[in-house]
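J.: Can you keep this structure in mind? I'll have questions shortly.
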Protein chains: 2
Amino acid sequence: MLKVTLLGGGNLATNLANKLLDCPQVTLMQIYNRSIQNIASFAEKTRVLDQLDLLEETDIYIIAVSDAVIEEISEKLSRKKGLVVHTSGAMHLNVLKNNKRRGVFYPLQSFTKNVPVDFSNVPFCIEALNESDFILLEKLASEISKKVYRISSLQREKMHVAAVFVNNFVNHLYRIGAEICSENEIPFEILHPLILETATKINTISPELAQTGPAKRNDFKTIEKHQKELKEENLKIYKLLTKSILNRNT
Amino acid sequence: MLKVTLLGGGNLATNLANKLLDCPQVTLMQIYNRSIQNIASFAEKTRVLDQLDLLEETDIYIIAVSDAVIEEISEKLSRKKGLVVHTSGAMHLNVLKNNKRRGVFYPLQSFTKNVPVDFSNVPFCIEALNESDFILLEKLASEISKKVYRISSLQREKMHVAAVFVNNFVNHLYRIGAEICSENEIPFEILHPLILETATKINTISPELAQTGPAKRNDFKTIEKHQKELKEENLKIYKLLTKSILNRNT
């Protein structure tokens, strides 16, 4: 049985707490949060507390707080014997430099409070300073998800950049598409099936093979026509992404 | 009962033929294709032919061929009494100028041969010169799909530009993400759930509200860090899309 402490009261911490309470091979011993209100609802199921110095010894301490306070909290756990991990995609393993036994336990998905997450399909990126701790963390992650990956801090940094492209920037292109529709009184929902198809396709073929459109087929007539319909920033984006696709055509 | 003629032997025509043969309120009277081989498999279920002048009169003629030959085929149907429609997202209604009764019957989805399409969720964008023909076309489209929209040629042109953003350009960002992963020995599949979540989210909230990431939260520290990890074209894309997101922050 793995004894676990959870630190945090935000979206991720709340979702993780619910999941950990459900894992047969895990005992969630205690939840800490600066403000006890956010975690009061767990009081029936585990110990909740707002003072770090009252924490008991457990096998693993999961720091699921915002990036800015990870280091501060980890320092206060420096005398604990257990493994201390953070859950941030953006922070290096060594932000936990005060903890001899340290690791990263990063679920790559966005979490919304009050929307339950199906953790079984969420990829967990894990890392630990010592191999024995890696195995311990792998055991915990496997209780939660079917998808567990060994990812170093450097890889996580690169993955974060990749995620900005496939998530934040993609959503921004959806926004531009929605704006073009709105300006022309076209219901944006017409594009939903296409959007979903584009996202689903790359589960079976690579984005390289999935590429279609005027730039892919060197259709300069259509490209020119489209460019006449755009202006300012959207035109710049059209030109740059078209050029980037053209550059990869063989 | 609607009597329909289908012209074409490509992916869309093949998928449409199968669907039309299944519609209880539609009789697919005949399929024409320049090369009879592509449509020979339908010979048991309907009349197949490779000569335009042998076509019988029907209520509707659906020209489902590549953009470059729509006009040529439509000219040869100029003496038909029925409604002549094309299925192209990129062509104006008036490419059918030789047909007094003309319309557009455009399913907005990409079609792959030998992969059966569930037409019931494919948005159909329809348009006709005369209101009575619009009603006729609406009747046909409603037999095939639950999602039928009245979209003018001008709107279709704009929609096509929007589709380049949300489909072609989005896929290119997936490609860049996959390349960053590959360069750093990260399995790209780790990003699949995030990609799918991003695409699904906008079914319930607008892309404007769905936007997250460093640019959205004015996190210039992270933006600067990411920019140091990118170079050349990808850096330009990062900068331009980040600027475009920042410009919309209030």
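J.: Filter the cross-link list A:LYS243/B:LYS225; A:LYS45/A:LYS158; A:LYS201/B:LYS201; A:LYS3/A:LYS97 down to pairs whose alpha-carbon distance in this structure exceeds 27 Å.
T.: A:LYS45/A:LYS158
J.: Using only atoms on other chains, find how many Cβ atoms lie within 10 Å of each Cβ of peptide A:232-239 and report the average.
T.: 3
J.: Run through the stretch A:134-195 and list the GluC sites (Glu not before Pro) located in a DSSP loop whose Cβ has at most 13 other Cβ atoms within 10 Å.
T.: Answer in residue order: A:GLU185.
J.: Per residue, how large is the accessible surface of chain B? Use a 1.4 angstrom probe and give square angstrom.
T.: Heavy-atom SASA per residue in chain B reads 46 Å².
J.: Just to confirm the numbers: A:GLU75, label point 7 angstrom along the Cα-Cβ line, distances to the other copies in nm, shortest first?
T.: Its label point is 8.1 nm from the equivalent points in the other copies.
J.: So what's the Cα pair-distance distribution over the stretch B:142-204, bin width 5 Å, in %?
T.: P(r) for the stretch B:142-204, in whole percents per bin: 4, 13, 15, 17, 17, 13, 9, 6, 4, 1.
J.: Between A:GLU232, A:GLU44, A:GLU72, find the one with the highest GNM mean-square fluctuation for chain A; connect C-alpha pairs within less than 10 Å.
T.: Maximum among the listed residues: A:GLU232.
J.: Another one. Apply the Debye scattering formula to the protein assembly as shown, with a single equal point scatterer on each alpha-carbon and no solvent, then give log10 I(q)/I(0) at q = 0.08 Å⁻¹.
T.: With one equal scatterer per Cα and no solvent, log10 I(q)/I(0) is -0.61.
J.: If you take the alpha carbon radius of gyration of the stretch A:90-225 and divide it by 2.2 N^0.38 Å, what ratio comes out, to two decimals?
T.: On the way: Rg = 20.2 Å, N = 136, 2.2 N^0.38 = 14.2 Å.
Cα Rg divided by the expected 2.2 N^0.38 Å: 1.42.
J.: Continuing with this model, one more query. Just to be sure I understand the curve: with the Debye formula and one point per C-alpha of the stretch B:178-239, what is log10 I(q)/I(0) at q = 0.12, 0.16 Å⁻¹?
T.: Log10 of I(q)/I(0), two decimals: -0.41, -0.73.
J.: Hey, could you grab the Kirkwood Rh for the stretch A:6-53? Inverse mean 1/r over distinct alpha carbon pairs, Å, one decimal.
T.: On the way: mean 1/r = 0.0944 Å⁻¹.
The Cα-based Kirkwood calculation yields 10.6 Å.
J.: Another one. Got the relative contact order for the stretch A:37-87 handy, in percent, Cα pairs under 8 Å and 6 or more residues apart?
T.: It rounds to 39 percent for the stretch A:37-87.
J.: A follow-up question, please. Taking the Cα atoms of chain B, what is the range of coordinates along each of the three principal axes, in descending order and whole Å?
T.: Principal extents (Cα only, largest first): 69, 38, 31 Å.
J.: Once every DSSP H run of n ≥ 4 in chain B is given -39500 (n - 2.57) and the sum is divided by its residues, what mean residue ellipticity at 222 nm do you get, rounded to the nearest 500 deg cm²/dmol?
T.: Taking each H run of at least 4 residues, the total per residue is -12000 deg cm²/dmol.
J.: Among the residues of chain B, which one places its Cβ closest to the rotation axis that maps chain B onto chain A, and what is that distance in whole Å?
T.: In chain B, the Cβ lying nearest the symmetry axis toward A is B:ALA199, 2.
J.: Let me ask another. In Å, what is the Rg of the alpha-carbon atoms in the stretch B:48-119, and how long is Dmax?
T.: Final numbers for Rg and Dmax: 12.8, 35 Å.
J.: Once you charge only the Cβ atoms, +1 for Lys and Arg and -1 for Asp and Glu, what is the size of the charge dipole of the stretch B:67-219 about its Cα centre, to the nearest 20 debye?
T.: Numbers: 19 positive and 18 negative charges, 192 e Å.
Computed about the Cα centre, the dipole is about 920 debye.
J.: Rg(Cα) of the stretch B:1-99 divided by 2.2 N^0.38 Å?
T.: This ratio for the stretch B:1-99 stands at 0.98.
J.: For the stretch A:1-62, with only Lys/Arg (+1) and Asp/Glu (-1) charged at the beta-carbon, what is the dipole magnitude about the Cα centre, in debye rounded to 20?
T.: 180
J.: Also, I was wondering about something else. Which residue, chosen from A:LEU108, A:ASN171, A:THR204, occupies the Cα position most advanced towards the positive end of the dipole of chain A, where the dipole is computed from +1 (Lys, Arg) and -1 (Asp, Glu) charges on Cβ about the Cα centre?
T.: Farthest along the dipole direction, towards plus: A:THR204.
J.: So, one more: Place the label 7 angstrom along Cα→C-beta at A:ILE36 and in each other copy, then list the distances from the first to the rest in nm, shortest first.
T.: 8.7
J.: If I build a Gaussian network model for chain A, linking alpha-carbon pairs within less than 10 angstrom, which residue out of A:ALA141, A:ALA40, A:ALA215 has the largest mean-square fluctuation?
T.: A:ALA215
J.: Can I ask one more? Rank B:PRO116, B:PRO24, B:PRO193 by mean-square fluctuation in a GNM of chain B with C-alpha springs under 10 angstrom and give only the top-ranked residue.
T.: Ranking B:PRO116, B:PRO24, B:PRO193 by mean-square fluctuation puts B:PRO193 first.
J.: Here's another thing I want to ask about it. Roughly speaking, to the nearest percent, how much of the stretch B:24-123's 1.4 Å accessible area is carbon and sulfur?
T.: Carbon and sulfur atoms account for 47 percent of the accessible area of the stretch B:24-123.
J.: What does the copy distance list look like for B:THR204, label position 7 Å along Cα→Cβ, in nm and ordered from shortest?
T.: 2.6
J.: Tell me which trypsin sites (Lys or Arg not before Pro) from the stretch A:150-250 have a DSSP coil assignment and no more than 13 other beta carbons within 10 Å of their own.
T.: Counting only loop positions with at most 13 other Cβ atoms within 10 Å, the trypsin sites (Lys or Arg not before Pro) in the stretch A:150-250 are A:ARG217, A:LYS231.
J.: Something else: Computed on protein heavy atoms with a 1.4 Å probe, what is the summed buried accessible area for the chain pair B and A, in Å² to the nearest 100? Walk me through the intermediate numbers first.
T.: Working: alone 15660 and 15700 Å², together 23090 Å².
Summing both chains' loss of accessible area gives about 8300 Å².
The values are calculated or read from the model by the stated rules, or taken from the named source; none is laboratory data. For clarity, every value in this text was computed on a predicted model and none was experimentally measured. Glycine gets a Cβ as well: all are built from the backbone with ideal geometry, and neighbour counts include every protein chain shown. Keep in mind that these areas ignore ligands, DNA and RNA; they rest on the heavy atoms of the full protein, side chains included. Shrake-Rupley method; radii C 1.70, N 1.55, O 1.52, S 1.80 Å.
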